[in-house]
1. Give me the percent relative contact order of the chain, please, defined on Cα pairs under 8 angstrom at least 6 residues apart.
2. Viscosity 0.692 mPa s, temperature 37 °C: what is the translational diffusion coefficient of the chain from Stokes-Einstein with a Kirkwood Rh over Cα pairs, rounded to a whole number of µm²/s?
3. How far is helix 59-75 tilted off the main Cα axis of the chain, in degrees rounded to 10, range 0 to 90?
4. At 222 nm, what helix-only mean residue ellipticity would the chain give, in deg cm²/dmol to the nearest 500, using -39500 (n - 2.57) for each DSSP H run of four or more?
5. Counting only heavy atoms of protein chains, what accessible area per residue, in Å², does the stretch 5-105 have with a probe of 1.4 Å?
6. Tell me, what % of the accessible area of the chain is carbon and sulfur with a 1.4 angstrom probe?
7. Once label points are set 7 Å from the Cα along Cα→Cβ at both residue 95 and residue 83, what is their separation, rounded to one decimal in nm?
8. Looking at this model, which pairs from 11/70; 8/56; 17/70 are more than 21 angstrom apart at the alpha-carbon?
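The values are calculated or read from the model by the stated rules, or taken from the named source; none is laboratory data. All values derive from a computational prediction rather than experimental measurement. Neighbour counts run over all protein chains shown; Cβ positions are idealised from the backbone, glycine included. Remember, those area values only see protein heavy atoms, side chains included, never the ligands or the DNA or RNA. Shrake-Rupley method; radii C 1.70, N 1.55, O 1.52, S 1.80 Å.
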Amino acid sequence: MEECIFCKIIKGEIPSKKVYEDDKVLAFYDISPEAPTHFLVIPKEHIKSANEVNEKNCEIVAHIFVVINKIARELGIDKRGYRIVNNCGEDGGQTVGHMHFHVLGGRELQWPPG
Ligand code: 5GP
Ligand code: ZN
């Protein structure tokens, strides 16, 4: 767990541009944005991926969606819309092993993804 870069971001050991923080979650801008607005929302608890969400820890997912909604309104991407992406596991394209939700907005996004 100590090698997890997102846990290090939570602890402030790696700097990030924070968008929102509370006792349960952190939102920060993606270092390599794929859209004019691109931030990540992560639980402070180290949950590896959506594959590890269960009855005990699932409340955090609902909270993350409430937080996304709040941030989207604050950043003004709620009006035209945005995309929430969770890459899960190797085939899902997950490169950081700490569950995170990408939020992308500010341009028209293509579908389906590659
Ligand atoms: P994944 O491919 O796992 O769904 O997404 C990981 C995301 O984390 C990528 O979009 C990548 O740009 C972002 N990322 C990786 N390392 C860092 C970092 O140190 N800081 C920030 N802000 N984003 C990072
Ligand atoms: Zn972690």
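1. Computed value for the chain: 29 percent relative contact order.
2. Estimated diffusion coefficient is 226 µm²/s.
3. 40 degrees
4. -6500 deg cm²/dmol
5. Value returned for the stretch 5-105: 58 Å² of accessible area per residue.
6. 50 percent
7. For the pair residue 95/residue 83, the computed spacing is 1.6 nm.
8. 11/70; 8/56
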